[in-house]
Amino acid sequence: MAETTNSNTETKKANFIHAQIDADLAAGKNDKRVHTRFPPEPNGYLHIGHAKSICLNFGLAQKYGGKTNLRFDDTNPSKEETEYVESIMEDVHWLGFDWEDRLYYASNFFPKLHAFAIQLIKEGKAYVDDQNAETISEQKGTPQKPGIESPFRNRTIEENLDLFERMTAGEFDEGEKVLRAKIDMTSPNMHMRDPIIYRIMKAHHHRTGDKWCVYPMYDFAHGQCDYWEGITHSICTLEFEVHRPLYDWFVDQLMDSDYRPRQIEFSRLNLTYTVMSKRKLLELVKDNHVNGWDDPRMPTISGLRRRGYTPESIRNFSDKIGVTKVDGTTDVSLLEFSVREHLNKTAQRVMGVLDPLKVVITNYPEDQEEMLSAVNNPEDENMGRRDVPFSREVYIERNDFMENPPRKFFRLGPDREVRLRYGYLIKCNEVIKDEEGNVTELHCTYDSESKGGKSSDGRKVKGVVHWVSAKHAVKAEVRLYDRLFTDEEPDGHKDVDFKAFMNPDSLKVLNECYIEPFVKNSKPLDHFQFERLGYFNMDPDSTADNPVFNRTVALRDSWAKAQKK
RNA sequence: UGACCUGUGGUGUAAUUGGCAACACGUCUGAUUCUGGUUCAGAAGAGUCUAGGUUCGAGCCCUAGCAGGUCAACCA
């Protein structure tokens, strides 16, 4: 894993964040430290978009020999839960990153934040407002129209101190009072128009319990936490760009040395056909459209993990997409390429038949069987070979046979010959059907001289087909997970009724599947390439008696593509 | 009618102090192949949002536009 990570950082090209850091370093800022943080709110599971941020923050620290903190931004107790905290830590570790002993919670800073609020009141830079949300909102104006000042704006420091103390003590109900910073109601930046910094919430916090009934707002917490943690580069997404002046304003009030954190924004990841909004993902989970946050159809990190994506492939993907401030949409095919690229080199090849059609080799002795030697990975000789049992009856893929094959179909048909991979040439002599005309069985003969790649007379066949010995095969369950959304849902952030676009075929469970017998010895989560079918992994829930495979991603299939045209 | 941000092949990104627009995905050819995969070789596709300007020379600098995004939660 370390090797992969190194090669990534070496090939990584410079971007605007590197340029900023280089400039800061050259100017000798912050004792030439680089210290980043990944600051999720524990209100849901991490998704592929967060992976970009994780790779960025930890990657930057790696590159510059700095450190990265994990910080839970838990300033809103009504949405946050311990379950999310745990899943987030697991996902970050799984991706291959480690915050070591630098685990923080914004809630750890509640006492300091509270004291800082009191400091601002004493300096005449904050006041308690008695008005309700609607009134405050009205007075705020609009982006085009300046706001007007609250009638409570000029209370005395003593009165503010007393009121805030009583807010803290729980004397008032939610919504009755808020603490606001006194900045500028006419600022062209809405966030500078006396932003609310503390609100009353009588909610149970997942870490501080019922200790507090006032909680700081994001803007009042984030920069300060950065400051107290010694963060030098606070990297966040584009929508926080307009918050930066406020971020800086609070840091200005706090600074007592030359050290100061800097907020840098980059564009979040958008993926075609992929819903990336936590709110919508939560809805899918809550309404049972999927089986939890780690449902393999979900774009969550845990979903991708169950689906069979590897951490390396996600890190490589993150590398490939780069970092900019351009608000674009990356094609999922790049993500899928990243897994194929990795799995093709590492996954063991295996034969499995998802939609079986029985083939009887009529000239093969009834009670005979033999072992055929198969390559585990043509890309890597070190992975060795394995023996695959062969006998008189085998299963082949139903769509590897066509009764009336079109031109350019290389596989089996009446009187046609194909090779059973690693085995013999077989020729189809007879097609057996049921009353309704469905093909139920093929009778073939094999060329006993054709083992090992050659035929007795040097004839060659174009088609090679995967198979499994009926007698020895392991019956398996295979789940073909597809993207959750169809072609009609191109953008994860558009506010559309996304459920209307849900692909009913996004999950197909195939029960009559047969896998070559090796699976009994395999470990859960191993990755395999089923010949021509795609990359699979063993589902964590499966057992040796009941092997369940999830398809990570399909193989590229130019025959299927040609068929569609 | 405001403030801030962003415009480079279909997509995502590059382009040292201005110097022939590069890479990856995708697409399309051809070769190889015990799987139509993989691998290898090659091709098409942008003249950099527009219009001016500076310059021997502009994707990079200047001016004016145009287009898209973000901001009006007691969310983050």
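Note on the range A:113-145: residues that are within 7 Å of RNA strand B (Cβ to nearest atom), among the β-branched types (Val, Ile, Thr) and either more than 20 Å from residue A:216 (Cα to Cα) or over 41 Å from the mean Cα position of the chain (by Cα) (or both) amount to 1. Taken over the range A:390-429, the criterion of being in a loop (DSSP other than H, G, I, E, B), within 12 Å of residue A:463 (Cβ to Cβ), in contact with an Asp or Glu (Cβ under 8 Å, 6 or more places away or on another chain) and of a type in the set (D, E, K, R) is satisfied by A:411, A:421.
Could you please find all residues in the range A:394-415 being open to solvent by less than 70 Å² (accessible area, probe 1.4 Å) and under 16 Å from residue A:445 (Cα atoms)?
Pass one, the range A:394-415, residues open to solvent by less than 70 Å² (accessible area, probe 1.4 Å): A:394-397, A:400-402, A:405-406, A:409, A:411-414.
Hits for the range A:394-415 are A:394, A:395, A:396, A:401, A:411, A:412, A:413, A:414.
In the condition set (1) of a type outside the set (S, T, N, Q); (2) closer than 17 Å to residue A:48 by Cα; (3) over 22 Å from the mean Cα position of the chain (by Cα), residue A:255 is compliant with all but (2). Is at least one residue of the range A:216-223 touching a residue at least 12 places away in the same chain (Cβ under 8 Å), open to solvent by less than 60 Å² (accessible area, probe 1.4 Å), under 34 Å from the mean Cα position of the chain (by Cα) and more than 9 Å from RNA strand B (Cβ to nearest atom)? Scanning the range A:216-223 turns up at least one residue that is touching a residue at least 12 places away in the same chain (Cβ under 8 Å), open to solvent by less than 60 Å² (accessible area, probe 1.4 Å), under 34 Å from the mean Cα position of the chain (by Cα) and more than 9 Å from RNA strand B (Cβ to nearest atom). Counting the residues of the range A:446-482 that are open to solvent by less than 60 Å² (accessible area, probe 1.4 Å), modelled with pLDDT under 85 and either closer than 19 Å to residue A:350 by Cα or part of a helix (DSSP H, G or I) (or both) gives 1. The set of residues from the range A:541-565 being away from RNA strand B (no atom under 13 Å from the Cβ), open to solvent by 60 Å² or more (accessible area, probe 1.4 Å) and not β-branched (Val, Ile, Thr) comprises A:541, A:545, A:546.
The set of residues in the range A:402-450 that are more than 12 Å from RNA strand B (Cβ to nearest atom), closer than 19 Å to residue A:353 by Cβ and free of Cβ contacts under 8 Å to residues at least 24 places away in the same chain comprises A:432, A:438.
Restricting the range A:53-75 to residues that are in a loop (DSSP other than H, G, I, E, B) and open to solvent by less than 30 Å² (accessible area, probe 1.4 Å), which is nearest to residue A:222 (Cα to Cα)? Spell out the reasoning first.
Taking the range A:53-75 first, the residues in a loop (DSSP other than H, G, I, E, B) are A:65-66, A:73-75.
From what's left, open to solvent by less than 30 Å² (accessible area, probe 1.4 Å): A:66, A:73-75.
On the way: A:66: 20, A:73: 8, A:74: 10, A:75: 10 Å.
Only one residue fits best here, namely A:73.
When A:262, A:244 are checked against the criterion of being near RNA strand B (Cβ under 10 Å from one of its atoms), open to solvent by 60 Å² or more (accessible area, probe 1.4 Å), in contact with a strand residue (DSSP E or B) (Cβ under 7 Å, 6 or more places away or on another chain) and in contact (Cβ under 8 Å) with a residue 12 or more places away in the chain, A:244 stands alone in meeting it. Counting the residues of the range A:368-389 that are open to solvent by less than 30 Å² (accessible area, probe 1.4 Å) and assigned to a strand (DSSP E or B) gives 5. Residues in the range A:246-276 that are in contact with a helix residue (DSSP H, G or I) (Cβ under 9 Å, 6 or more places away or on another chain) and among the hydroxyl-bearing types (Ser, Thr, Tyr): A:247, A:259, A:267, A:272, A:273, A:274. Residues in the range A:143-178 that are open to solvent by less than 70 Å² (accessible area, probe 1.4 Å), β-branched (Val, Ile, Thr) and under 23 Å from residue A:189 (Cα atoms): A:178 alone.
Take the conditions (1) at pLDDT below 95; (2) open to solvent by 30 Å² or more (accessible area, probe 1.4 Å); residue A:33 misses just one of them, which is (1). Among helices (runs of 4 or more DSSP H) entirely within the range A:80-185, having at least 3 residues that are polar (S, T, N, Q) and modelled with pLDDT of 95 or more singles out A:133-139.
The values are calculated or read from the model by the stated rules, or taken from the named source; none is laboratory data. Keep in mind that what you see is a predicted model, and the values were worked out from it rather than measured. Glycine also receives a Cβ, built like all others from the backbone with ideal geometry; neighbour counts cover every protein chain displayed. Note: areas computed on protein heavy atoms with side chains; ligands, DNA, RNA excluded. Shrake-Rupley method; radii C 1.70, N 1.55, O 1.52, S 1.80 Å.
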